[in-house]
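As C-alpha cells, the structure follows; a few thoughts come after it.
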Amino acid sequence: AEGRQTYTRWDAPPCGLLKCAADDLYSHQREMAGAALSRRRCIWAADPGTGKTLAAQTVMEEVGGRWMWVGPKSSLVNIKREFVKFGFLGAVTLMGFEELANKTPSPTDYTGLIVDEAHKCKNPTAKRSKAVARFAEGVDRCVLMSGTPSPKTPLDWWSLAEIAAPGFLRENSR
C-alpha cells in the first residue's frame, strides 16, 4: 500500500514467538532469533562468541521441522558439542560445504537452512556458493551467519543477499 513503510525496525517478537528459550537468551540473541522468525530469511553478521549458534538453535526449535546446518566441516564437531551443551531438541542434519555440493540433498525434505561461516559463500561462482544457493531456494527459511563478514567489496554482501533472499537487491525486482 502506498505510504506504508515496508521495512521497519524489529523490536520485540510477536506474541508467541520465542516461547522455548526466551529466558535463556541475552537480548541480542533474542533480537537475532526474533528477526529470523519474523522475516524467514536473513543474514546475521555478529562477532565470534556472541551466541549465534544458540540463537539459531532457538529458531530451529521454535519453527520445528527438519533443518539443514551447513558450515566448514572442521566446525561441525563444535556445533554438535554446543547442541548437547544447550539441550537442543530439534531435528537437524549437519553437513560440510563440500559434502552439500557433492551429495545435493533435496531441499524439499527440509524446513530451513542455517549456514554457519556464510562469508565462505561470497564468491557466487564457487561450487560451495552455488550448492548453498540452490539449497536455500528450495527451503522456506534461511539464516546465514558469519562472525567474520568483513567484505572486501559490496559484491561480497550482494552474493550473500542473493543466497538469503534471491532477487531482493536486483534492480526492478519485486
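The values are calculated or read from the model by the stated rules, or taken from the named source; none is laboratory data. Quick caveat: nothing in here was measured; it's all calculated off a predicted structure. FYI the Cβ positions are ideal-geometry reconstructions off the backbone, even for glycines, and counts take in every protein chain you see. The accessibility values were calculated without ligands, DNA or RNA, using every heavy atom of the protein model including side chains. Shrake-Rupley method; radii C 1.70, N 1.55, O 1.52, S 1.80 Å.
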Going toward the positive end of the dipole of the range 101-148, with +1 on Lys and Arg Cβ and -1 on Asp and Glu Cβ, which of 110, 146, 125 do you reach last? 125
Within the under-13-Å Cβ sphere about residue 77, not counting residue 77, Lys/Arg +1 and Asp/Glu -1 give a net charge of +2
Treating the beta-carbon of each Lys and Arg as +1 and of each Asp and Glu as -1, no other charges, what is the dipole magnitude of the range 87-174 about its Cα centre, to the nearest 20 debye? 220 debye
In whole percent, the fraction of accessible protein surface over the range 28-174 that belongs to carbon or sulfur atoms, probe radius 1.4 Å, stands at 53 percent
The set of residues whose placed amide H lies less than 5 Å from the amide H of residue 41, leaving out same-chain residues fewer than 5 positions away, is 142
